[in-house]
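Novice: The structure's right below; bear with me while I get my questions together.
The values are calculated or read from the model by the stated rules, or taken from the named source; none is laboratory data. It should be emphasised that the depicted structure is a prediction, and the values quoted were computed from it without experimental measurement. Neighbour counts run over all protein chains shown; Cβ positions are idealised from the backbone, glycine included.
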Amino acid sequence: MPTPIVMPQMGESIVEGTIVRWIKKVGEHVDRDEPLLEISTDKVNAEIPSPSEGVLTEILAGEGDTVSVDSVVGTIQVKGEQVAHGSPHDTIQPPDTEQLSSAPVVPPLAVAQVSPVVSQEITGGLSLRPKMSPAVRRIAREHDVDVSRITGSGLGGRVTKQDILTFLEADDRDRENKDPRFVRGSDQRVEIRPLSVMRKKIAEHMVLSKQTSAHVHTVFHVGFSNIERIRDAKKVEYQRLGVKLSYMAFIARAVIDALQRHPIVNAALEGDGVVYKKDVHLGVAVALETGLVVPVVKNADERNLLGLARAIADVGTRARANKLKPDELHGGTFTITNPGQLGAQFGMPIINQPQVAILGVGTIEKRPIVVGDALAVRTMAYLTLGFDHRLIDGAVADQFMSDVKRNIEQFDRNQV
């Protein structure tokens, strides 16, 4: 039997994904774990690896199609197995070079690219409706669009989501140009682009989070001079181990220790019950050009500082390269986001559902502060805790942050 290629679940609460492009074509050989296609969700753009070695024999969902999680989007014929829909003796064999030299040149995708209209006529079908995904059909219905007017750019002439969005945009421009109410001047030059799948889903989840949780924020001014001295003393040693000793590793360690003292901050609210998480699965927000993703360092409470530094750097690097695995994008119990890396003094982050708290890290820099009765220069940063007031009271949040502050300012060198 051919091996199915399945749309994976790329994050908690993700129910569908959009195919951005097929990296391999029908008829091409693919190795196990070699990238097959690229998909986009609200969480991430990612390359999906092949589940087995073989030949890509069928593509069931084209570029631009949005399909549900666990849907089969293509098939792979494993070497030596029978070809699907063929006779028992039809197996994929290497081509005969002598026959190949005398045979007419036929594009490898000729069969796969037969127009859906033509195939319907051949089989006697009465419907000439262009082939399209449920997402395209929904958009067409909402905007009352005759899809037969659109030339599809997808596989086999399939009308993709981008095709119909481009058509709608052009149609809007035509109507605007014919409407005397619209006057285009030099100060009205604009460019309209449709939201990406990731951007649209991020917007939906952020609005949902604000509607779900009673957001409250508390801000603490935290000293990092002690950690700065430790980093300066240990960074060469860590570099020899292939790890950059970042501030984020120290912050993560301080947060984990505080979460163990305040388990309500690591919990979740489900209906009328509170779910206390025994493990700390730490989400670390990573900014990409296309949006924000939150890969999760599982069992972060079981790692020492070196392990945290290595894990945080690893998921960040793979997030930027679209190499994250599906299970690394969900299951987090607490999230840290770092707007300070771009110079922000502090932010008011939105809680990553279904979690109940999130820590925002402001820029870490030298500042004049009062020490005793004198001014001194110290390395400082603002840390902001966003918490769900439905479950966490202000006093609990401030106690948690006081512990984080103390853990950072009095960081034990023996932990490094």
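Novice: Based on this model, can you work out whether VAL265 counts as more than 23 Å from LEU241 (Cα to Cα), outside the structural domain of PRO49 (by TED's automatic domain parsing) and crowded, with 16+ Cβ neighbours inside 10 Å?
Specialist: Values: more than 23 Å from LEU241 (Cα to Cα): yes; outside the structural domain of PRO49 (by TED's automatic domain parsing): yes; crowded, with 16+ Cβ neighbours inside 10 Å: yes.
Yes; evaluated as a whole, the condition is true for this residue.
Novice: Could I ask something else about it? Do the conditions hold for LEU385, that is, is it under 28 Å from the mean Cα position of the chain (by Cα) and surrounded by 22 or more Cβ atoms within 10 Å (Cβ to Cβ)?
Specialist: Working: under 28 Å from the mean Cα position of the chain (by Cα): yes; surrounded by 22 or more Cβ atoms within 10 Å (Cβ to Cβ): yes.
When the stated conditions are applied, LEU385 passes them.
Novice: Is it the case that some residue within region 394-413 is over 23 Å from the mean Cα position of the chain (by Cα), of a type in the set (Lys, Arg) and within 30 Å of LYS210 (Cβ to Cβ)?
Specialist: Here is the first cut: in region 394-413, the ones over 23 Å from the mean Cα position of the chain (by Cα) are 394-413.
Subset that is of a type in the set (Lys, Arg): 405-406, 413.
Imposing the further condition that a residue be within 30 Å of LYS210 (Cβ to Cβ) reduces the set to 405.
So far as region 394-413 goes, yes, one or more of its residues are over 23 Å from the mean Cα position of the chain (by Cα), of a type in the set (Lys, Arg) and within 30 Å of LYS210 (Cβ to Cβ).
Novice: Residue under question is HIS217, and the condition is that it be under 29 Å from the mean Cα position of the chain (by Cα), of a type outside the set (Asp, Glu) and more than 30 Å from ASP163 (Cα to Cα); does it hold? Step through it out loud before you land on a result.
Specialist: On the way: under 29 Å from the mean Cα position of the chain (by Cα): yes; of a type outside the set (Asp, Glu): yes; more than 30 Å from ASP163 (Cα to Cα): yes.
Yes; evaluated as a whole, the condition is true for this residue.
Novice: Which residues, counting only those in region 197-222, are under 28 Å from ILE364 (Cα atoms), in contact with a Gly (Cβ under 8 Å, 6 or more places away or on another chain) and assigned to a helix (DSSP H, G or I)?
Specialist: Matches in region 197-222: ILE202 only.
Novice: Let me ask something else about it. Looking only at residues that are among the basic types (Lys, Arg) and more than 20 Å from the chain's Cα centre (by Cα) in region 294-310, which one is nearest to ALA321 (Cα to Cα)? Can you show your working first?
Specialist: The first filter runs over region 294-310 and keeps only residues among the basic types (Lys, Arg), leaving 298, 303, 310.
Imposing the further condition that a residue be more than 20 Å from the chain's Cα centre (by Cα) reduces the set to 303, 310.
Details: ARG303: 24, ARG310: 17 Å.
Filtering region 294-310 for residues that are among the basic types (Lys, Arg) and more than 20 Å from the chain's Cα centre (by Cα), the one nearest to ALA321 (Cα to Cα) comes out as ARG310.
Novice: Given the criterion assigned by TED's automatic domain parsing to the domain that holds LEU305 and in contact with a Lys or Arg (Cβ under 9 Å, 6 or more places away or on another chain), identify the matching residue among PHE346, PHE400.
Specialist: Numbers: PHE346 fails: in contact with a Lys or Arg (Cβ under 9 Å, 6 or more places away or on another chain).
Sole residue among the options that is assigned by TED's automatic domain parsing to the domain that holds LEU305 and in contact with a Lys or Arg (Cβ under 9 Å, 6 or more places away or on another chain): PHE400.
Novice: Check region 356-372 and report whether any residue there is in contact with a His (Cβ under 9 Å, 6 or more places away or on another chain) and closer than 30 Å to MET7 by Cβ.
Specialist: no
Novice: Checking the conditions here, which among LEU308, LEU269, LEU324, LEU292 is within 21 Å of VAL404 (Cβ to Cβ) and touching a residue at least 40 places away in the same chain (Cβ under 8 Å)? Quick ask: steps written out before the conclusion?
Specialist: Values: LEU269 fails: within 21 Å of VAL404 (Cβ to Cβ); LEU324 fails: within 21 Å of VAL404 (Cβ to Cβ); LEU292 fails: within 21 Å of VAL404 (Cβ to Cβ).
Criteria check complete, one pass: LEU308.
Novice: When you go through LEU385, LEU375 one by one, which is the residue that is of a type outside the set (Ser, Thr, Tyr), in the same structural domain as TYR238 (by TED's automatic domain parsing) and touching a residue at least 60 places away in the same chain (Cβ under 8 Å)? Before the answer, list the steps.
Specialist: Values: LEU375 fails: touching a residue at least 60 places away in the same chain (Cβ under 8 Å).
Every option except LEU385 fails the conditions.
Novice: A follow-up question, please. So for region 362-377 (the condition being within 15 Å of ILE264 (Cα to Cα) and of a type in the set (A, V, I, L, M)), does at least one residue qualify?
Specialist: Narrowing region 362-377 to residues within 15 Å of ILE264 (Cα to Cα): none.
Scanning region 362-377, I find no residue that is within 15 Å of ILE264 (Cα to Cα) and of a type in the set (A, V, I, L, M), so the answer is no.
Novice: Picking from ALA311, ALA258, ALA300, which residue would you name as being in the same structural domain as SER402 (by TED's automatic domain parsing), closer than 11 Å to PHE334 by Cα and modelled with pLDDT of 95 or more? Spell out the reasoning first.
Specialist: Working: ALA311 fails: closer than 11 Å to PHE334 by Cα; ALA258 fails: closer than 11 Å to PHE334 by Cα.
Only one candidate qualifies: ALA300.
Novice: To continue, here is another question. Filter region 223-270 for residues that are part of a loop (DSSP other than H, G, I, E, B) and among the hydrophobic types (A, V, I, L, M, F, W, C); which is nearest to THR379 (Cα to Cα)?
Specialist: The selected residue is PHE224.
Novice: Based on this model, can you work out whether GLU228 counts as in the same structural domain as ARG378 (by TED's automatic domain parsing), acidic (Asp, Glu) and surrounded by 14 or more Cβ atoms within 10 Å (Cβ to Cβ)? Full working, then the answer.
Specialist: Working: in the same structural domain as ARG378 (by TED's automatic domain parsing): yes; acidic (Asp, Glu): yes; surrounded by 14 or more Cβ atoms within 10 Å (Cβ to Cβ): yes.
The answer is yes for GLU228.
Novice: Still on this structure, I have one more. If GLY340 passes every condition in (1) assigned to a helix (DSSP H, G or I); (2) touching a helix residue (DSSP H, G or I) at 6+ places or on another chain (Cβ under 8 Å); (3) buried (at least 19 other Cβ atoms within 10 Å of the Cβ) but one, which one does it miss?
Specialist: (2)
Novice: Okay, moving on. Select from region 403-414 the residues that are surrounded by 14 or more Cβ atoms within 10 Å (Cβ to Cβ), touching a residue at least 24 places away in the same chain (Cβ under 8 Å) and part of a helix (DSSP H, G or I) and list them in ascending order. So that I can check it myself, show each step before the final result.
Specialist: The first filter runs over region 403-414 and keeps only residues surrounded by 14 or more Cβ atoms within 10 Å (Cβ to Cβ), leaving 403-409, 411.
Within this subset, residues satisfying the condition of being touching a residue at least 24 places away in the same chain (Cβ under 8 Å) are 403-405, 407-409, 411.
Result: ASP403, VAL404, LYS405, ASN407, ILE408, GLU409.
Novice: Same structure, new question: Look at region 353-370 and say how many of its residues are crowded, with 22+ Cβ neighbours inside 10 Å and among the polar types (S, T, N, Q).
Specialist: Qualifying residue count, region 353-370: 1.
Novice: Hey, can you tell me all the residues within region 314-332 that are surrounded by fewer than 18 Cβ atoms within 10 Å (Cβ to Cβ), touching a Lys or Arg at 6+ places or on another chain (Cβ under 9 Å) and under 23 Å from PRO349 (Cα atoms)?
Specialist: THR317, GLY331
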